[in-house]
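Asks: Can you read through this structure? Questions will come right after.
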Amino acid sequence: MKLIVHVIAGLRDGGAESILFQLVVNCERYHHIVVSLSDDGKYGALLRKEGVEVHSLGMPAGRMSISGLWELFRLIRGYQPHLVQTWMYHADLIGGVISRLAGVRSVSWAIHNTTLDPKRSKKSTIVVAKLCAQASGFIPKAIVCCAQSARDVHERLGYKADKMRVVNNGYDLTAFYPDANSRRTIRLKLGVLDRTPLIGMVARFDPQKDHGNLIRALRLLKDAGHVFSCCLVGSGLNLRNAALCREIERYGLEDNVLLLGQCDDIPALMNALDVHVLSSSFGEAFPNVLCEAMACGTPCIATAVGDSALIVGDCGWVVNPEDPVTLAASIAEALFELGKVEQWKVRQERARNRIVDNFSLDKMVREFQNIWSRIGRTDPVC
């Protein structure tokens, strides 16, 4: 069986990391080894549990070390893989250069970002992305973009257009599906009555996600007399986050907002929600959480960032970013429709079917395999 080595900056709880996990675990045509430039993060242990070999090189976040670079070279040189698949800018550049030095000519990059704004993106990220653009002509044989919006942005940046392919993220529909038992169990655990509308947002605490936008929208909903609960889920969303707690208190939402931190059972949580909101202001490419929610039959409201509008389609609501008034109005519209049982059921079914028809895990795996088959090396390592 042909070997693919995956190189990624880290294995924390993020969208690209989740897609890498699903791809590796569900692709049986190739043997996979994963190399993290930093640490195990969330997915290191999960990958090992699935029988995937994982190497963590221990390099500091956003920085290189001679020992880490040498270990990466040694691993790739030793394994002599059919192909090296790298994930995100830093790994694309570092993994791509080291792979070529190790004699592997078949390199594929993966891009999972759409925004490179000097006011919001890290300077180091912008620099590395520009270096990748310059190197895209001679390091990778393929550049896989998770969204059309990502392809458009990077083509304008100077990435080689003829090497770029869009492969939308795919989702395991045997894990994400409507489940009434999970809904009851999670709501009971949270102390939320079934008749109480439950809004949720699954996203790490990060300026990109713009939790402040959602909090301001929730205050407007409360002022308009709506009764609801809202759970915020993800890294940094807990009572230890003093800044977030102050913001919730400032808007008088202590009785409405639940801070749940990281969740180990996202499908169950998505089933517990009536509406999932993603209030991001920038930087999204192809937000996994929207597809995961919709696959569970949970309609979504999202800001028009990245390919969010493509995902939601006519099954939910799309609003401008950084606009809490419009966001609140869309949530209010959703809550009104929630009270019309049959109409809401139709919307739930349409949301689920949109993911089944367009964004299945099987489709994503097939498209990656087709790219790997096309560019995989036939030359021996020198």
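Asks: Using Cβ counts within 10 Å as a stand-in for footprinting exposure, how do Leu273, Leu239 rank, fewest first?
Replies: If I rank by nearby Cβ atoms, fewest first, I get Leu239, Leu273.
Asks: Another question about this same structure. Once you list every other residue whose beta carbon is under 12 Å from the beta carbon of Tyr79, what net charge do they have if Lys and Arg are +1 and Asp and Glu are -1?
Replies: +2
Asks: Once label points are set 7 Å from the Cα along Cα→Cβ at both Leu260 and Trp70, what is their separation, rounded to one decimal in nm?
Replies: 4.7 nm
Asks: Work out the charge dipole of the chain with +1 on the Cβ of Lys and Arg and -1 on the Cβ of Asp and Glu about the Cα centre, then indicate which of Leu23, Phe228, Leu190 is farthest towards its positive end.
Replies: Of the options given, the answer is Leu23.
Asks: In debye to the nearest 20, how big a dipole does region 180-358 give about its Cα centre with +1 on each Lys and Arg Cβ and -1 on each Asp and Glu Cβ?
Replies: For region 180-358, the charge dipole is close to 440 debye.
Asks: Counting alpha carbon pairs within less than 8 Å and at least 6 residues apart, what relative contact order, in whole percent, applies to the chain?
Replies: Relative CO of the chain lands at 16 percent.
Asks: At a Förster radius of 30 Å, what calculated FRET efficiency corresponds to the Cβ-Cβ distance of Lys189 and Arg250, to the nearest 0.05?
Replies: Efficiency at R0 = 30 Å is approximately 0.60.
Asks: Measuring from a point 7 Å past the Cα of Asn238 along Cα-to-C-beta, which residues in region 42-79 have an amide N at less than 20 Å?
Replies: The answer is 42-46, whose backbone nitrogens lie closer than 20 Å to the label point.
Asks: So for the chain, taking the charge dipole from beta-carbon charges (+1 Lys/Arg, -1 Asp/Glu), which of Ile311, Ser38, Ala147 sits furthest toward the positive end?
Replies: Selected residue: Ser38.
Asks: Of the options Val5, Ala175, Met294, report the single residue whose Cα projects farthest towards the positive end of the charge dipole of the chain (beta-carbon charges: Lys, Arg +1; Asp, Glu -1).
Replies: Final value for the positive-end residue is Val5.
Asks: In the structure displayed, which of Lys49/Lys130; Lys42/Lys209; Lys119/Lys189; Lys163/Lys345; Lys2/Lys49 lie more than 31 Å apart, Cα to Cα?
Replies: As for pairs spanning more than 31 Å Cα to Cα, those are Lys49/Lys130; Lys119/Lys189; Lys163/Lys345.
Asks: Subtract the Cα-Cα distance of Asp223 and Asp152 from 0.36 nm times their separation in residues, and report this length gain in nm to one decimal.
Replies: Taking Asp223 through Asp152 to full extension adds about 21.5 nm, to one decimal.
Asks: Order by neighbour count: Glu17, Glu342, Glu254, fewest other Cβ atoms within 10 Å first, most last.
Replies: If I rank by nearby Cβ atoms, fewest first, I get Glu342, Glu254, Glu17.
Asks: About its Cα centre, what dipole magnitude does the chain give when the only charges are +1 on Lys and Arg Cβ and -1 on Asp and Glu Cβ, stated in debye to the nearest 20?
Replies: Dipole about the Cα centre, nearest 20: 980 debye.
Asks: Measuring from label point to label point, each 7 Å out along Cα→Cβ, what is the Gln343 to Phe138 span in nm?
Replies: Each label point lies 7 Å from its Cα, and together they span 6.2 nm.
The numbers here are math on the coordinates, done by the rules we state, and not lab data. Quick caveat: nothing in here was measured; it's all calculated off a predicted structure. When we count neighbours, we look across all protein chains shown, and the Cβ atoms used for this are built from the backbone with ideal geometry, even at glycine.
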